[in-house]
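Enquirer: First the structure, which I've put down as structure tokens, then a few questions once you've had a look.
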Amino acid sequence: MNFTEAFHVAVRGLRANRLRSLLTMLGIMIGVAAVILLVALGNGTSARFNAQITSLGTNLIGVLQSRGSVAASGRSQPLTDKDVKGLQQDSQPPRLLSVTPVKQASAVLDFQNSMWRTSIFGSSQSYLAAFHRTMAAGNFFTDGDVRTSTRVVVLGDKPVQQLFGGLPAAALGQTIRIGRQQFQVVGVLVPNGQNDDVAVMPISATRNYLVGGDDTVDQIVVEATSQATVPASMNKITNVLMDRHKVNSPAQKDFEVHSNLELLHQYTQLTDVFTLFLVAIAAISLLVGGIGVMNIMLVTVTERTREIGIRKAVGARRKAILKQFLIESTVLAGLGGLAGVVVGVGLSLAGKSVGASFGQFAPPELSIGSVVLAFTVSLGIGLFFGAYPANRAARMRPIDALRYE
């Protein structure tokens, strides 16, 4: 019996027991569809994280005050304007595109008895470039505003929603109270989904009117020339600040240097583990489906014992019997896998088309590799779990098979 004949015999055997075959294929279908859909969900979640971090800038480096560690002198030195100038003026490679100080606070914004507490960022004119922000309306404050401590503020999307009904144009030119001082709204930031609940003002104004007039900063944001130069730029920043703070050992430095690129790598590893976990869960469904294939094939071999005996009596070789039942189990699993591919791909595409309507929901990202792998595994399951029933049928003695009732 050649392959074509064995295939037709297998199909006839499956058609003879349609309901039983359908129920068996259902287990494989659910497993394959689950693998495709869960991998797509994992890919979508990973893509959402990557897009959010990339929007913040993968070439950005943040310098923060360290907690717990101190310099050799035994005292922890804060980050100051002199540190900012030291980084800006250092001529050693690699070149830094920008060095931006940030002074943070929290305050209540008051406009016509409507109040909203938000984060205050005191910074320089390079804030927009450093944080990859753009203006929805108005203009950002200037270097002159920073030098003269001008009481101007640029609002994020959240305060505009709460105080001005979400209309950027309505906020421009208005005077709002922040703390005990009056500030004029000169601009509104385009929302980015990350730092929208914020009010940005000149760092000098933050110090003079909100938090005190010292020269310390809470964070220094450094923009490297490219993603490739981030590691070298981080080393440069560390060396410059260690020299300024008179720290001899990296273990004693009183500041921390982090990059969005590191955060991206961490999220990538996390989502990879998450996706692997989801696939492992889906693989259990495939395993259960494979056990179902073996069970049905054992029943099929038992029901067709006399047929096997007759075929062997007229000269069918053991190899032919083995091939026939292996093809039958593979066709059974393959059809289930094909149905699972259709269901999994359909659900993934449907989820992607409607995902944008559900806010924070990450739309599935279909992976062709997962489709091919899931279908290939379904065929492998047919071979693996059909091997024992097929071998059992092939090893039957003709005389015993013919006597079977």
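The values are calculated or read from the model by the stated rules, or taken from the named source; none is laboratory data. Being a predicted model, the structure only gives us computed values, none of them experimental. Quick reminder, even Gly has a Cβ in these numbers, built from the backbone with ideal geometry, and neighbours come from all protein chains shown. Side chains included, ligands, DNA and RNA excluded: accessible areas come from the protein's heavy atoms. Shrake-Rupley method; radii C 1.70, N 1.55, O 1.52, S 1.80 Å.
Enquirer: Select from the chain the helices, each a whole stretch of DSSP H, whose alpha-carbon atoms run 27 Å or more along the helix axis and whose Kyte-Doolittle mean is at least 1.0; answer none if there are none.
Expert: 18-56, 260-303, 318-355, 368-394
Enquirer: Right, another one. For a 32 Å ceiling on Cα separation, which of these pairs sit above it: LYS103/LYS246; LYS103/LYS236; LYS158/LYS253?
Expert: LYS158/LYS253
Enquirer: Just to confirm, what accessible area per residue do you get for the chain at 1.4 Å probe, in whole Å²?
Expert: Normalised by residue count, the accessible surface of the chain is 50 Å².
Enquirer: Between segment 238-294 and segment 183-226, how many Å separate their Cα centres?
Expert: Segment 238-294 and segment 183-226 have Cα centres separated by 30 Å.
Enquirer: Can you tell which of ALA333, GLY351, LEU19 lies farthest toward the positive end of the dipole of the chain, using +1 and -1 charges on the Cβ of basic and acidic side chains (Lys, Arg; Asp, Glu)?
Expert: So the residue we want is LEU19.
Enquirer: Once amide H atoms are placed 1.01 Å from N in the peptide plane, what residues at a sequence separation of 5 or more from ASP197, or on another chain, have their amide H within under 5 Å of its amide H?
Expert: Close amide H contacts, sequence-distant or interchain: LYS158.
Enquirer: Looking at (i) 27.4; (ii) 29.2; (iii) 19.4, which value of mean projected area of the Cα convex hull in nm² comes from a calculation on the structure shown?
Expert: Among (i) 27.4; (ii) 29.2; (iii) 19.4, the one derived from this structure is (ii).
Enquirer: Another question, if that's okay. Report the charge-dipole magnitude of segment 238-390 in Debye, nearest 20, computed about the Cα centre from +1 at each Lys and Arg Cβ and -1 at each Asp and Glu Cβ.
Expert: Values: 12 positive and 9 negative charges, 214 e Å.
Once rounded to the nearest 20, the dipole reads 1040 debye.
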